[in-house]
1. Which of (1) over 30 Å from Glu174 (Cβ atoms); (2) under 17 Å from the mean Cα position of the chain (by Cα) is the odd one out, the single condition Pro98 does not satisfy?
2. Return the residue satisfying two criteria in turn: it lies in region 1-30 and is among the polar types (S, T, N, Q) and in a loop (DSSP other than H, G, I, E, B), and of such residues it is surrounded by the fewest Cβ atoms within 10 Å (Cβ to Cβ).
3. So Val168 ticks every box in (1) closer than 20 Å to Gly104 by Cα; (2) modelled with pLDDT of 95 or more but one. Which box is left unticked?
4. Right, Leu107: within 18 Å of the chain's Cα centre (by Cα), of a type outside the set (Phe, Trp, Tyr) and in a loop (DSSP other than H, G, I, E, B) or not?
5. So which residues in region 28-45 are without any contact (Cβ under 8 Å) to a residue 60 or more places away in the chain, touching a helix residue (DSSP H, G or I) at 6+ places or on another chain (Cβ under 8 Å) and hydrophobic (A, V, I, L, M, F, W, C)?
6. Do any residues in region 163-187 that are farther than 11 Å from Trp44 by Cα and free of Cβ contacts under 8 Å to residues at least 24 places away in the same chain have Cβ atoms under 8 Å from those of residues that are among the aromatic types (Phe, Trp, Tyr) and assigned to a helix (DSSP H, G or I), where the two are at least six apart or on different chains, and which pairs are they?
7. Tell me whether region 44-66 contains one or more residues that are crowded, with 16+ Cβ neighbours inside 10 Å, among the β-branched types (Val, Ile, Thr) and in a helix (DSSP H, G or I).
8. Can you list residue pairs whose Cβ atoms sit under 9 Å apart, with the first residue in region 125-148 being free of Cβ contacts under 8 Å to residues at least 40 places away in the same chain and the second being part of a strand (DSSP E or B)? Count only pairs 6 or more apart in sequence or on different chains.
Amino acid sequence: MSRDLARAVSGRVFAPPVTHVYNPLDYAWSLHRQYLARAQPRPWALLLGMNPGPWGMAQTGVPFGEIDHVRDFLGIDGEIKQPDTPHPARPIQGMACPRSEVSGRRLWTWAKDTFTTPDAFFKRFFVWNWCPLGFMEEGGRNRTPDKLPAAERASIEGPCDDALRAVVEAIDPELVIGVGAFARKKAAAALPDMRVEQILHPSPASPAANRGWAPQVVEQLKQIEAGA
């Protein structure tokens, strides 16, 4: 499914302010494949994010893939290739990248602190991004799919929705939990017969997340489970 998704969204043209598009399912395939191998059947929930961040999945091919946790917690490592047209302000350094993505650090720190081992985490959850592409503006600013013009977003919706449905069919979770409102909305549209919930996104741009993301999400997950 990941290979099909990578091919389906490659070569799409996006207008300014987007100037560079990264597809880590292509150039970081070796690491992404290792991540897919961690999946286990019938987890409680699929955690659905939006798209790769410049210092996370764009570097590692792993959703919310903050470098230290990808290597030290998930046990994923290796060499990656390069995008066709790298942004000079957003180099792809793979596991040598010195930057830490806050959203990924928060999510995978919670996973490690709660479950101790990747195996225990993946028995309960699997993490996936609705869109595999990273979008960057001329100055290097990250542009998320919700900020794309409707026509451009519509051009990738079909492949992204198809891949989400394929992941759900493959692992058969009880429900899908959107990490943030955009992901919840996309999951609900693509999976009308699936139970879809939402938790707080760990982005540092969120004042709520900056007041202690993990404790809030623990409570949200308890409420979601209690409502099952």
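The values are calculated or read from the model by the stated rules, or taken from the named source; none is laboratory data. Quick caveat, the model's predicted, so the values are computed rather than measured. Cβ coordinates were reconstructed from backbone atoms using ideal geometry, including for glycine residues, and neighbour counts include every protein chain displayed.
1. The number of the failed condition is (2).
2. Keep residues of region 1-30 that are among the polar types (S, T, N, Q), which gives 2, 10, 19, 23, 30.
If we keep only those that are in a loop (DSSP other than H, G, I, E, B) as well, we get 10, 23.
Working: Ser10: 15, Asn23: 23.
So the residue we want is Ser10.
3. (1)
4. On the way: within 18 Å of the chain's Cα centre (by Cα): yes; of a type outside the set (Phe, Trp, Tyr): yes; in a loop (DSSP other than H, G, I, E, B): no.
It is false that Leu107 is within 18 Å of the chain's Cα centre (by Cα), of a type outside the set (Phe, Trp, Tyr) and in a loop (DSSP other than H, G, I, E, B).
5. Trp29, Leu36
6. That search, which allows pairs on different chains as well, returns nothing.
7. Applying the first criterion (crowded, with 16+ Cβ neighbours inside 10 Å) to region 44-66 yields 44-66.
Keeping just the survivors that are among the β-branched types (Val, Ile, Thr) gives 60, 62.
Next, only the ones that are in a helix (DSSP H, G or I) stay: 60.
Yes - at least one qualifying residue is present in region 44-66.
8. Between residues of region 125-148 that are free of Cβ contacts under 8 Å to residues at least 40 places away in the same chain and residues that are part of a strand (DSSP E or B), the close pairs are Lys147/Phe135.
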